[in-house]
1. What number of residues in region 132-166 are at pLDDT below 90 and surrounded by 20 or more Cβ atoms within 10 Å (Cβ to Cβ)?
2. Test of understanding: among G117, G121, G93, G159, which residue is small (G, A, S), under 19 Å from the mean Cα position of the chain (by Cα), over 18 Å from G247 (Cβ atoms) and in the same structural domain as V224 (by TED's automatic domain parsing)?
3. Which one of these is touching a Pro at 6+ places or on another chain (Cβ under 8 Å) and assigned by TED's automatic domain parsing to the domain that holds R272: A142, A130, A147?
4. If I ask for residues that are of a type in the set (S, T, N, Q) and under 18 Å from R272 (Cα atoms), which ones from region 83-124 would you list?
5. So in region 25-39, with the set limited to residues that are assigned to a helix (DSSP H, G or I) and loosely packed, with under 15 Cβ neighbours inside 10 Å, which one is modelled with the lowest pLDDT?
6. Quick check on region 63-77. Is at least one of its residues loosely packed, with under 14 Cβ neighbours inside 10 Å, touching a helix residue (DSSP H, G or I) at 6+ places or on another chain (Cβ under 6 Å) and at pLDDT below 95?
7. Does at least one position in region 233-255 carry a residue that is surrounded by fewer than 17 Cβ atoms within 10 Å (Cβ to Cβ), modelled with pLDDT of 90 or more and not in a loop (DSSP other than H, G, I, E, B)?
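The values are calculated or read from the model by the stated rules, or taken from the named source; none is laboratory data. Please read all numbers here as calculations on a predicted model, not as lab measurements. Cβ coordinates were reconstructed from backbone atoms using ideal geometry, including for glycine residues, and neighbour counts include every protein chain displayed.
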Amino acid sequence: MGSRSRRGAFGMTLVAFCLLPSACSFLRSLDDLPCHQDTECTEGRCDEQAGVCEPCPAEMRLERFANGTAFCIDQFEVTQEQYWAFLQGMVGGVGRDHDLDPETCGTNFSYDPNADGCTAGFAPSDTASATLPVVCIDFCDALAFCASEGKRLCGARGGQRLRVEQAKNLDFDEWLLACSDGSASRATDKDTVYYKECNVNVDAPAEVGSHAGCHTDAWVFDIVGNVSEWVNTCGIANGEFRCGVLGGSFRSMTGAESGCVVVSAAHRPSERSDSTGARCCLD
């Protein structure tokens with residue numbers, strides 16, 4: 001927000017020197033500069049369809065790969081309140097996961113966190129629970145939620161599904177890039193620098209963002225601990241199709257169980273856990 005304020009002040013200063021409106025036609029937000037690719041946007045990412053540079057939406061943070069490709073990632077984990085709004089807005093009882101991944105999600109007809117015997121403590125109308133991270137959602141639920149927000153699950157550079165051979169590679173893995181701030185040393189260190197500040201080795205998740213020191217350099221909160229997060233990283237593991245959850249959770253007992261490189265589990269897409277939630281990305 002500081003950079004935007006500086007841009008605004010700069011623009012107002014220039015306007016003061018304009019004598020004719022036509023002389024000031026060049027004055028516009030840096031966010032609206034024309035572009036064809038992300039590398040042409042110094043402070044945002046390129047909306048290639050509109051052909052302009054844009055900042056990330058509110059409560060999302062900008063991340064950039066070494067090759068210049070940029071994306072936005074949620075600053076906070078998905079809350080119960082946000083997920084409740086998704087359920088209320090669903091039309092016909094089917095989410096967009098059916099369209100986005102029919103092979104994996106074509107039989108997913110329940111998006112209820114309290115289904116399948118998973119103890120979610122889902123009470124979004126309760127003030128004390130509204131800002132807790134939603135849990136007990138499966139891969140397809142998370143996929144559908146992110147799509148309902150105009151976003152997607154974090155995966156590979158460019159918005160694709162992250163292949164197994166691309167995982168843990170800072171040139172491809174969006175979630176890892178955000179967790180490690182693009183640092184190779186943090187990306188390979190299981191004793192993450194965030195661990196001591198995060199919600200780990202406790203009995204329950206905490207309100208998102210409530211651990212003030214648990215954030216990346218880009219101010220992405222709780223990417224380590226609190227709840228594990230579904231990512232669009234799927235493939236065959238132990239003879240079955242499974243998808244990854246990352247970051248460890250409140251149950252992680254050591255940094256080695258919750259660092260940026262730790263795959264907390266490779267779940268069946270239909271599995272639900274009271275320690276797994278979601279976070280979304282956006283191109």
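1. Number satisfying all stated conditions: 1.
2. On the way: G117 fails: under 19 Å from the mean Cα position of the chain (by Cα); G121 fails: under 19 Å from the mean Cα position of the chain (by Cα); G93 fails: under 19 Å from the mean Cα position of the chain (by Cα).
Result: G159 is the single residue among G117, G121, G93, G159 that is small (G, A, S), under 19 Å from the mean Cα position of the chain (by Cα), over 18 Å from G247 (Cβ atoms) and in the same structural domain as V224 (by TED's automatic domain parsing).
3. Details: A142 fails: touching a Pro at 6+ places or on another chain (Cβ under 8 Å); A147 fails: touching a Pro at 6+ places or on another chain (Cβ under 8 Å).
Every option except A130 fails the conditions.
4. Within region 83-124, T104, T107, N108, S110, N114, T119 qualify.
5. Taking region 25-39 first, the residues assigned to a helix (DSSP H, G or I) are 30-32, 38-39.
Among the residues that remain, those that are also loosely packed, with under 15 Cβ neighbours inside 10 Å are: 32, 39.
Values: D32: 60, T39: 89.
So, considering only residues that are assigned to a helix (DSSP H, G or I) and loosely packed, with under 15 Cβ neighbours inside 10 Å, the one modelled with the lowest pLDDT is D32.
6. Applying the first criterion (loosely packed, with under 14 Cβ neighbours inside 10 Å) to region 63-77 yields 66-68.
Among the residues that remain, those that are also touching a helix residue (DSSP H, G or I) at 6+ places or on another chain (Cβ under 6 Å) are: 68.
From what's left, at pLDDT below 95: 68.
The answer is yes, given that some residue of region 63-77 is loosely packed, with under 14 Cβ neighbours inside 10 Å, touching a helix residue (DSSP H, G or I) at 6+ places or on another chain (Cβ under 6 Å) and at pLDDT below 95.
7. Among the residues of region 233-255, at least one is surrounded by fewer than 17 Cβ atoms within 10 Å (Cβ to Cβ), modelled with pLDDT of 90 or more and not in a loop (DSSP other than H, G, I, E, B), which makes the answer yes.
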